[in-house]
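A short worksheet on the structure shown next.
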Amino acid sequence: MPSLTWGGMDERIVMVDSVTGLTLTEEQLDERSATATVQLRRRGVRDGDGVLVCLPAGPDLLVAFVAVTAAGGVIWSLPADLDAGTLRELVRGSRARVMISNVGPAVDAADESRVRVVVGVDDLCAPRPYPV
Amino acid sequence: MPDSPRHNLPADPNRFVGRERDLHDLRGLFAETRVVTLCGVGGIGKTRLALQVAAGLTAAHPDGVWLVELAGLRRPELVDQEIARVLGVREEAGRPLLDTVTDRLRDQRCLLLLDNCEHLVDRCAEVVEALVAACPPVRVLATSREPLRIASELIWRVPPLDLPDDVTADVESVQLFLDRAAAAGTRPGPESLPDVVRLCRALDGLPLALELAAARTRLLSPGQIADRIDDRFSLLTTGGRTAPARQRTLLAAVEWSYDLLADKEQVLLRRLSVFAGDFDLDLAERVCARPPIAAGEIVDLLGGLVDKSLVLCDESRYRLLETIRCFAVERLRQAGEQEQLRQRHLDVLCELQERYFQTEMVEPRVPWPCRLQALTATRTLLPDQRAALDWAAASGEVGLGLRLCRASTGLYPIGGNLAEIVGWLERLLALDVSGLTEDEIAYTKACLAYGLETRDELGRALELAREALAGLAPGSLFPRGVVHSLMVVLLLRMGRADEALCHAEQGLAIAERSGDIWNQASGLAGLSAVALTRGRLREAQRHGEEALARAREHGHRWIMARTAGQLGAVAEARGDLVTAKAQYEMAEPWLREVGGDLDLARCLARIGRVAAMLHEFTAARERLAASLALGRETGQRQGVARCLVGLSVLAEYEGDLEGAVLAAAAAAALRESIGQHSATIRIEELLGRARTKLGDGRAAALWSRGRAMSPDDAARHVLEGERVPPRAPVPAEPVRPSLLTAREHEIAGLLTRGLSNRAIAAELVISPATVARHIANIMEKLGYTSRAQIAVWAAEHQQAPPRASA
């Protein structure tokens, strides 16, 4: 049986959050985005679907971008610091079915849009086994 | 298990249009999500979508898809009651109903559809959380304007139907409008398509708004409707100006449709809002016919409202969509009619239930089909009855409320839930009862005592029954007879046969004087039971036969079954098993007819036990299995324990002493867990025989093993002759490697080496994004949620690290 070599070789840092100083390693990025991809697919994201992503710049944003791409979706990015009115307009104008966000005004804007499911990055990255 | 359809979903009232992708995605979600809540404003189509989703999930839920409609409920505690009612679960003595429900659902692969949770959202959240925690295979689909806000919930926001754009008009909203217009008898031609498009946009694709508009196409063109709806937005009256856009749009459409009604139609629609559930023409006439509407006009007015899609009609029963009902309630309030109507609703419910009660129980010489019809009718009124009782409590109409409780046999053991009736009685009695007569209070106490007996609260029940007897007016003969019979039951259960005899005699005497056949049968059955307790078998037989004769004269299947059961018990006591079985078997179809599932479970268990003693093993097995299934379905641990005792008898008569000990031990353990004591004589005898034949050690070991067994395992052991396998985790089905493509295999192999996406990309000369996609595909195929799981899987499934070749 081959030995598994987790850790060590993929601790290369791919991102540093300038505000918090927290880092994201390549391994973390691969692992978290893989989990998020599966969660996006389970929530119905298919090839070519628009997925709204409204998150502050940082590791979560990178994970979300990679996950949406891997799931076959099209990233519709929304700056997290937009005012509520603009956000509402953009969200309602989109035909996205899924939104990745924990940003309050963006989540509120989903209310009268065609977004079915709003999900936070924490939710997407929590690996969940299949239920019994 | 019967092959009856394992769902209670209604048939589609008309074609379901659009939302194919949503249906597919939502159904897919249930593979991993426990709770999905469809959220959105009223009229957006949550219920219809949920029903459609659920209908496609019946195959995936072998234990059933169960719709629980909550819109008509006004009190949080009724959520538990309604779920239990739909599932056929009955309250167990001394145990919260929700515990019995979760126990019943523990291993069930079923989907509960909780429709219209918003007004009871807190209780719904608690109940769903409890169910999800205790019952791993159970799934919940809820519809609500507000989410439940619990951890396991996935909130799905239901959007309006797709709107036409500049390129295509062949979209869901237009399809729905045209479909419903066609149903109304109009087919807008191609020239009106631009107007239809404009209308769909004005109505924002809201299904209910589109339906209301389409229902008017016989008189107005789509263009005219669109113009008028546009005008509406500036005229909104019902506090809707500040509401979110979709809610405003919907309100505008409903107001528009309402304003187009003739005056009398408007009056009727708002009056119909007092009904909690669906209703028939008769009920509508009784409650809603008052100036300016005459009873004779209601049928036509209702027809008009159905044509305009404001009232739904299904096989002569009518109902309002919850959104329309809420609107109509508001209009009723504005018209200043709410109190009058709710009072009238309470009055009518009282009159009807009292009449049904008389027909079912009291009046002599009523043919059984008429009695059954009355019983069925009273059950149908349950949602309205709850609403009426609520009004009685809210408006201080304690007298009427109590009358309604007393008359509602549908809430009694045969048909309903005692927890509920006891709750209502206690709630009403806690209000100001100073206006009531002593007789009324006494009769109410009798009902309460009746409920408490079934809950095994014997002492309190006896006290109340005594108070009832002391307070009942001399002329209240039927209730007096009932209380005497109840006293007989209570006193016999408490081992006080002498006092019981007194009441049986008194009850019978009163019933004979007044020509009350029900209580004659009941009193004679009581005399027979007392004689049986005292070992006077011939006397018991004579009274029992007479009781059955009177019961037949009355015709009610429940009292007939009860007296036949009494005769069966007498026959058993004298060792005449053939007659005993015949008597129990006579009762079985009667209990089926009356829908008394608890009594039926008991009856089947008795037949099974006696058949086993007669060496009719096939019949015994069949009846005990049926009784066990019923005990499980209704959530009655006592019933399950009773079956285990029967199975123990069966096993011993078949010569399987080991099985007999196991089943008896499992029954004893189960009874102890619900605070009951087992009948020890048979167990001691059985253990004595086991010790002699199997040896002390073996008998003791079997007993402890049986006590530790689950009731289901113990039952299976006897029913199927199944040897219980040791509890071991079932190995997961190995995933066939051929599921993966060659490239995916290769990448899975590289993951075992701990390579990053970037490194794999470099090795395979593809982009990291492509690697990420492959990994997502692998995870999906293998059902994993992390890369590490793939690596472990690949390590186990590959002999050697793969080469980086295609």
How would you classify chain A from its alpha-carbon gyration tensor, with a ≥ b ≥ c the square roots of the eigenvalues: rounded for a/c under 1.5, else prolate if a/b is greater than b/c, otherwise oblate?
oblate
Burial-style ranking of B:197-206, B:301-310, A:17-26, average other-beta-carbon count within 10 Å with highest first, yields B:197-206, B:301-310, A:17-26
Can you pull the mean other chain C-beta count within 10 Å for peptide A:115-123?
3
Hey, what did chain A get for relative contact order, percent, Cα under 8 Å, at least 6 apart?
23
Taking the alpha-carbon set of region B:434-526, what are its Rg and Dmax in Å?
12.4, 38
Using each residue's phi in region B:366-372, evaluate 6.51 cos²θ - 1.76 cosθ + 1.60 at θ = phi - 60° and report the 3J(HN,Hα) Karplus result to the nearest Hz, with x for Gly and Pro.
9, x, 3, x, 6, 5, 5
Residues of region B:17-44 with amide N under 15 Å of the 7 Å Cα→Cβ point at B:Arg109
B:30-33
Largest first and rounded to whole Å, the semi-axes √(5λ) derived from the alpha carbon gyration tensor of region B:20-157 read 22, 17, 13
Under 5 Å between amide H atoms, partner at least 5 residues away or on a different chain: which partners does B:Glu92 have, H built in plane at 1.01 Å?
none
In whole angstrom, how long is each semi-axis of the equivalent ellipsoid of region A:67-132, when you take the square root of 5 times every eigenvalue of its Cα gyration tensor and sort them from largest down?
23, 13, 12
Using a 7 Å offset from Cα along Cα-Cβ at A:Asp17, what residues in region A:72-107 end up with backbone N under 19 Å from the label point?
A:78-82, A:100-107
List the residues whose amide H sits under 5 Å from the amide H of B:His7, counting only those 5 or more places along or on another chain, with H placed 1.01 Å from N in the peptide plane.
B:Val65
Among all the lysines, which ones have a C-alpha under 26 Å from B:Lys46's C-alpha, if same-chain residues fewer than 8 places away are not counted?
B:Lys308
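Does region B:312-385 come out rounded, prolate or oblate, given a ≥ b ≥ c as the square roots of the eigenvalues of its C-alpha gyration tensor, rounded meaning a/c under 1.5 and, failing that, prolate meaning a/b above b/c?
It comes out oblate by the Cα gyration axes.
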In debye to the nearest 20, how big a dipole does region B:20-157 give about its Cα centre with +1 on each Lys and Arg Cβ and -1 on each Asp and Glu Cβ?
240
When only Cα pairs under 8 Å and 6 or more residues apart are kept, what is the percent relative contact order across chain B?
7
Estimated FRET transfer efficiency (B:Ala31, B:Glu720; beta-carbon r; R0 35 Å; 0.05)
0.65
DSSP beta bridges in chain B [antiparallel fraction, %, rounded to 5]:
20
Sequence neighbours fewer than 8 away in the same chain don't count; with that in mind, list the aspartates and glutamates whose C-alpha is under 13 Å from B:Lys781.
B:Glu744
Nearest 0.05, what FRET efficiency do B:Val306 and A:Arg46 give at R0 = 51 Å with Cβ-Cβ as r?
0.80
Quick calc: nm separation of the 7 Å Cα→Cβ label points for B:Asp122 and B:His24 -> 4.2
Would you work out if chain B is rounded, prolate or oblate? Take a ≥ b ≥ c from the square roots of the eigenvalues of the alpha-carbon gyration tensor; rounded if a/c is under 1.5, else prolate when a/b is larger than b/c, oblate otherwise.
oblate
First compute the accessible area of chain B with a 1.4 Å probe, then give the percent of it belonging to carbon and sulfur atoms.
52
Using a simple spin-label model with points 7 Å from Cα along the Cα→Cβ vector, what separation in nm is obtained for B:Glu499 and B:Glu796?
6.6
Contact order relative to length for region B:570-703, counting C-alpha pairs under 8 Å separated by 6 or more residues, stands in percent at 16
Using a 10 Å cut-off on Cβ atoms, rank the peptides B:529-537, B:482-490 from the highest mean neighbour count down.
B:482-490, B:529-537
By how many nm would the segment from B:Arg698 to B:Ala245 lengthen if fully extended, with 0.36 nm per residue of separation less the alpha-carbon distance?
155.6 nm
Here the averaged projected area of the protein assembly as shown, based on the convex hull of its alpha-carbon atoms and given in nm², is 46.8
Describe numerically, in nm with one decimal, the distance between label points set 7 Å from Cα along Cα→Cβ at B:Gln373 and at B:Glu672.
5.4
Taking R0 as 25 Å and r as the Cβ-Cβ distance between A:Glu89 and B:Thr168, the FRET efficiency 1/(1 + (r/R0)^6), rounded to the nearest 0.05, comes to 0.60
Mind checking the full-extension length gain between B:Glu363 and B:Arg74? Use 0.36 nm per residue of separation minus the Cα-Cα distance, one decimal, nm.
100.6 nm
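The values are calculated or read from the model by the stated rules, or taken from the named source; none is laboratory data. Everything quoted here is computed from the prediction, not taken from an experiment. Methodologically, a virtual Cβ is constructed for each residue, glycine included, from the backbone with ideal geometry; neighbour enumeration extends over all protein chains shown. Keep in mind that these areas ignore ligands, DNA and RNA; they rest on the heavy atoms of the full protein, side chains included. Shrake-Rupley method; radii C 1.70, N 1.55, O 1.52, S 1.80 Å.
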